[in-house]
Amino acid sequence: MLGEVLGVERRRRWSDDEKLEILLEVGVGGASVTQVAQRHELTRSQVYGWRRDLKKKGLWSPDQQHSRPMVDAFKAWAEAQLLRIPGKSDLAKAIRYGLSRWPSFELFLEDGRVGIDNNPAERAMRPIGIGRKNWLFAGSDSGGETLARAMTLIETAKMNGLDPQASLADILDRIHDHKINRIDELLPWLWQAKRQPSRDAA
């Protein structure tokens with residue numbers, strides 16, 4: 001009220017969820033950033049600013065904007081197929097299975113931290129799948145568990161951009177006299193920052 005009396009424009013405070021909903025309207029039905037901004041009485045710079053801010057927070061990714069129209073079209077197509085094919089067919093069962101889990105499928109559209117696919121996880125598992133015959137010679141169940149722990153350390157090092165051999169050799173060399181209350185310094189993401197030579201120095 002005071003703002004109206006003084007003639008001061010009051011800006012609405014938008015939540016991250018509201019910003020994300022507006023960003024997702026871009027591309028739907030061919031809508032442009034300008035059209036979406038005008039629809040909500042915003043400026044293009046505001047919308048672009050929200051996109052940058054949400055991207056920094058990990059709540060927005062390009063996959064969301066480009067994929068929403070295709071996801072919506074695919075859902076409509078799948079629902080239409082159920083009206084055309086026998087209800088007890090394997091194809092109908094598969095479509096119903098997918099539609100019943102649609103909120104999980106759409107999660108990547110709502111949260112930019114979620115990948116559009118699970119390719120990184122598949123790639124991480126690939127070495128284990130390729131070498132599965134070698135794992136038969138672990139010697140015992142406990143040997144298999146030890147091997148699983150070793151593979152976990154190796155793949156975690158890779159995920160953090162480290163050379164597994166160099167990082168593990170360094171950690172094993174220091175861990176026997178490393179203070180227990182500073183054990184987190186040996187975690188892959190912290191080891192990379194403290195122990196690995198910088199690219200600039202190279």
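The smallest convex shape that holds all Cα atoms of segment 18-61, its convex hull, gives 59 Å³ per residue.
Karplus-derived 3J(HN,Hα) values for segment 172-179, using 6.51 cos²θ - 1.76 cosθ + 1.60 with θ = phi - 60°, are 5, 5, 9, 5, 5, 10, 7, 5 Hz; glycine and proline are entered as x. For the residues Phe108, Phe137, a 1.4 Å probe over the protein chains yields an accessible-area ranking, largest first, of Phe137, Phe108. Projecting the Cα atoms of Ile183, Ala124, Thr152 onto the dipole axis of segment 111-189, where Lys and Arg carry +1 and Asp and Glu carry -1 at the beta carbon, places Ala124 farthest toward the positive end.
Summary of the geometry: segment 157-175 and segment 29-52, compared by the centres of their Cα atoms, lie 46 Å apart.
According to the square roots a ≥ b ≥ c of the eigenvalues of the Cα gyration tensor, what is the shape class of segment 87-132, taking rounded for a/c under 1.5, prolate for a/b larger than b/c otherwise, and oblate for the remainder? Oblate.
In this Cβ point-charge picture (+1 for Lys and Arg, -1 for Asp and Glu), segment 14-132 has a dipole of about 460 debye about its Cα centre. Solvent exposure of Trp77, expressed as accessible area, is near 140 Å², computed with a probe of 1.4 Å over the protein chains only. Shown is the FRET efficiency for Arg52 and Asp163, computed with R0 = 41 Å from the Cβ-Cβ distance and rounded to the nearest 0.05: 0.75.
Here the Kirkwood formula puts the hydrodynamic radius of segment 33-96 at 14.7 Å, using every distinct Cα pair. In this structure the amide hydrogen of Leu59, modeled in the peptide plane, comes within under 5 Å of the amide hydrogens of Gly112, none closer than 5 places in sequence on its chain.
The values are calculated or read from the model by the stated rules, or taken from the named source; none is laboratory data. Since we're looking at a predicted model, the values are computed, not measured. Heads up, the Cβs are rebuilt from the backbone with ideal geometry, glycines too, and the neighbour counts pull from every protein chain shown. These accessible areas exclude ligands, DNA and RNA; they are computed on the full protein's heavy atoms, side chains included. Shrake-Rupley method; radii C 1.70, N 1.55, O 1.52, S 1.80 Å.
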